[in-house]
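Report on one structure; see the data block that follows.
Every number in this text was worked out from the coordinates using simple rules, so none of it is lab data. Quick caveat: nothing in here was measured; it's all calculated off a predicted structure. Because the Cβ atoms are built from the backbone with ideal geometry, glycine has one as well, and the counts that use them run over all protein chains shown.
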Amino acid sequence: MQHFYFDHNATSPVAPEVLRDLTEAMAEVYGNASSIHHFGQAAKQRLENARRAVAERLGCTDREIVFTSGGTEADNLAVFGIARRPARGQRHVITSSIEHPAVLNACGQLEREGIEVTYLPVGRDGRVKADDAKRAIRPGTVLISIMHANNETGVLQPVEEIAAIARHASVPFHSDGVQVGGRVPVNVREMGFDLYSISGHKFGAPKGIGALFVRKGVELAALMHGGHHERDRRAGTENVAGAGALGKAASLNADWNSFGDLRDRLERGILGQVPGARVNGDTGSRVPNTANISFEGVEGEAMVIALDLRGYAVSSGSACSSGAVEPSHVLLAMGLTAEDARSSVRFSLGPGNTVEQVDGLIEAVVASAAHLGRISPAVVSAV
Ligand code: PLP
């Protein structure tokens, strides 16, 4: 049986051009970028070319790019790097209730360290209100961190408005751009970010490489202490092959807006044929590749398994913890009931998806929903 991939928000395949570049670098460019000999200089050159390519893609200078081990580290470096800077008085951070755990759990750690955190709510549309961010600012606010687009719903947040508010209040603004950066054009300077996280495996580079944009003049406390790599912002021998791959993926100038028509076709097909199917989040303000749909009376996890058996890989926002299916914190924050949140499935498109695959997926969803809808939830949870 053929299998088709509709889970690009979890991770996306390495692009063929990137794979060629990566293989070559792993085989031939093995020097340490800090070494002064020929091999070291070759590695250094590859690293700096990659930095330039990432900077160009994001609209900043190469000195403003710090390579990290991925999105999680970029988010942690931004959150801890700013919030742990020495400051007088009580420190306070503003974030949202729908962030990825890479930000949410970093903020939880800050709270344990005595730093106060405000978690902004979202409406049913899955969007933070910029005015709420403005109202939450107070003396002692050292950071605002609001994601660019949510990984479960794809909903874009009003980051430019929040950036303007943050700038006016002289508070650094970080945005987790992992679901956006590299996939569609983003200009960090024009959009007003002070810090912006990206992750390679979301746009054609391998897992384990990412970057944080740090605007010139923004001081960061390092997370990793060791050598003077990355201008003292991230110690550790550089992952030259990974950085090169990130640079290569960035230079492909992908534009995932082209997946918008396919996503809309998928949504139309499902909503038109599955009674009780509903899209979660603001359909007017989303990344082009993501659809989050609740299927009334059907367990999302069961739908994921049923679709996998028919050859289609999708995901549910629910997390399985100690045998119980926990509903997504994002959908709960949007005001969905636990039952509706548990019935949700995320479809995320990317390179390789075709109209034929989408039509096949629609058929598989319609058949699975009809089948699962007839099974009582008690039976499903026992599957
Ligand atoms: N932030 C968001 C919005 C994500 O979707 C992810 C990954 O799923 C991350 C951060 C973490 O990135 P990484 O897997 O590169 O650590």
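So the values come out like this:
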quantity	calculated
Segment 190-203, subset touching a strand residue (DSSP E or B) at 6+ places or on another chain (Cβ under 9 Å) and not hydrophobic (A, V, I, L, M, F, W, C), residue farthest from the ligand (Cβ to nearest atom)	GLY192
Odd one out for ARG51, checked against (1) out of contact with any Cys (no Cβ under 8 Å at 6 or more places or on another chain); (2) farther than 20 Å from SER199 by Cβ; (3) not polar (S, T, N, Q)	(2)
Filter pass, LEU246 being farther than 30 Å from SER344 by Cβ, within 16 Å of the ligand (Cβ to nearest atom) and surrounded by 14 or more Cβ atoms within 10 Å (Cβ to Cβ)	yes
Criterion (more than 16 Å from the ligand (Cβ to nearest atom) and among the hydroxyl-bearing types (Ser, Thr, Tyr)) met by exactly one of THR23, THR11	THR23
Hits in segment 336-353 (condition: loosely packed, with under 14 Cβ neighbours inside 10 Å and either under 13 Å from GLU301 (Cα atoms) or touching a residue at least 60 places away in the same chain (Cβ under 8 Å) (or both))	GLU339, GLY352
Residues being over 17 Å from the mean Cα position of the chain (by Cα), within 21 Å of GLY192 (Cβ to Cβ) and hydroxyl-bearing (Ser, Thr, Tyr) - total across segment 93-146	2
Which numbered condition ARG57 fails, given (1) of a type in the set (Lys, Arg); (2) in contact with a strand residue (DSSP E or B) (Cβ under 9 Å, 6 or more places away or on another chain); (3) more than 30 Å from VAL358 (Cβ to Cβ)	(3)
Some residue of segment 232-247 being closer than 15 Å to ARG52 by Cα and charged (D, E, K, R)	no
Complete set of residues in segment 148-177 that are closer than 18 Å to ARG215 by Cβ, within 11 Å of the ligand (Cβ to nearest atom) and surrounded by 24 or more Cβ atoms within 10 Å (Cβ to Cβ)	SER175, ASP176, GLY177
